[in-house]
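Trainee: First, the structure itself, so that you have it in front of you.
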Amino acid sequence: MTRRRSTSRPRRSTSDTRQGKGGGRLRLIGGEFRRRLLPVLDSPGLRPTPDRVRETLFNWLATATPGARVLDLFAGTGALGLEAISRGARASLFVERDARVAQALGANLETLGAAQRGRVITADALAFLAAPPADATPPFTLVFLDPPFRQQLAQPCCEWLERGWLAEEAYIYVETESELAPQVPDSWQLHREVRAGDSTGRLYRRLPADGS
């Protein structure tokens with residue numbers, strides 16, 4: 001949703017960006033940084049998550065976001081991870097492959113004065129997940145996964161997340177092209193679903209180990 005799409009997919013027009021010289025603007029919509037405008041790098045396919053979808057998603061996550069440890073994969077503009085910080089998340093880790101986009105995201109964290117709560121890693125998301133989490137890395141309680149469309153990345157990312165990255169009862173938000181029904185681990189229970197244009201977002205809740 002905040003991410004770089006496949007080049008075969010046309011860029012959508014969204015109400016949450018204000019166009020200006022050199023790119024658009026990301027508007028945060030809730031919490032500490034509500035209504036703050038941040039620059040968005042002028043890069044093909046890079047678009048923040050629409051306001052309506054973000055508002056819906058974070059209404060669903062109202063009790064889960066404060067204090068959350070967030071992982072924002074394929075971060076792009078970082079709209080979801082930044083929104084989580086604004087709404088009280090303890091920390092957000094952003095993973096973005098494009099160095100220029102990652103640098104711009106880091107600059108926006110500095111602008112917000114939120115650099116201590118947000119960290120940007122320049123890396124391929126799948127390669128990042130394939131490496132075992134460091135012993136000092138606590139499991140994530142909230143994950144945003146929005147890979148480029150039509151590149152078959154959602155399913156392997158979901159599988160790798162189960163290898164030590166997730167806290168028990170974590171929430172995982174997965175956005176894909178609407179024609180794709182992603183295969184997710186058996187321990188993930190579909191909680192809510194939202195459709196916007198040609199994409200569908202699904203919020204899952206990871207079941208406890210005993211399945212209750």
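Every number here is computed from the coordinates shown, using simple stated rules; none is lab data. Everything numeric in this text was worked out from a predicted model, so none of it was measured. Positions of Cβ are backbone-derived with ideal geometry, glycine not excepted, and every protein chain shown enters the neighbour counts.
Trainee: Taking every pair of alpha-carbon atoms in the chain, what share in percent sits in each 10 Å bin, from 0 to the bin with the longest distance?
Mentor: Cα pair-distance distribution for the chain, in percent: 9, 38, 40, 12, 1, 0.
Trainee: Which value, in debye to the nearest 20, gives the size of the charge dipole of the chain about its Cα centre, when Lys and Arg are +1 and Asp and Glu are -1 at the Cβ?
Mentor: So the magnitude is around 960 debye.
Trainee: While we're looking at this one, here's another question. Return the sequence-ordered ³J(HN,Hα) values of segment 189-195 in whole Hz as given by the Karplus equation 6.51 cos²θ - 1.76 cosθ + 1.60 applied to θ = phi - 60°, using x for Gly and Pro.
Mentor: 10, 5, 9, 8, 8, 9, 10
Trainee: Could you please rank Arg52, Arg97, placing first whichever residue has the fewest other Cβ atoms within 10 Å of its Cβ?
Mentor: In increasing order of surrounding Cβ atoms, one gets Arg52, Arg97.
Trainee: Residue farthest toward the positive end of the dipole of the chain, with Cβ of Lys/Arg at +1 and Asp/Glu at -1: which of Leu57, Gly67, Cys158?
Mentor: Of the options given, the answer is Leu57.
Trainee: Now for a separate question. Can you tell me what share of the DSSP beta bridges in the chain is antiparallel? A percent to the nearest 5 is fine.
Mentor: In the chain, approximately 55 percent of DSSP beta bridges are antiparallel ones.
Trainee: Here is a further query. Under 5 Å between amide H atoms, partner at least 5 residues away or on a different chain: which partners does Leu142 have, H built in plane at 1.01 Å?
Mentor: When sequence neighbours closer than 5 places are left aside, the close amide H contacts are Arg69, Leu71, Tyr171.
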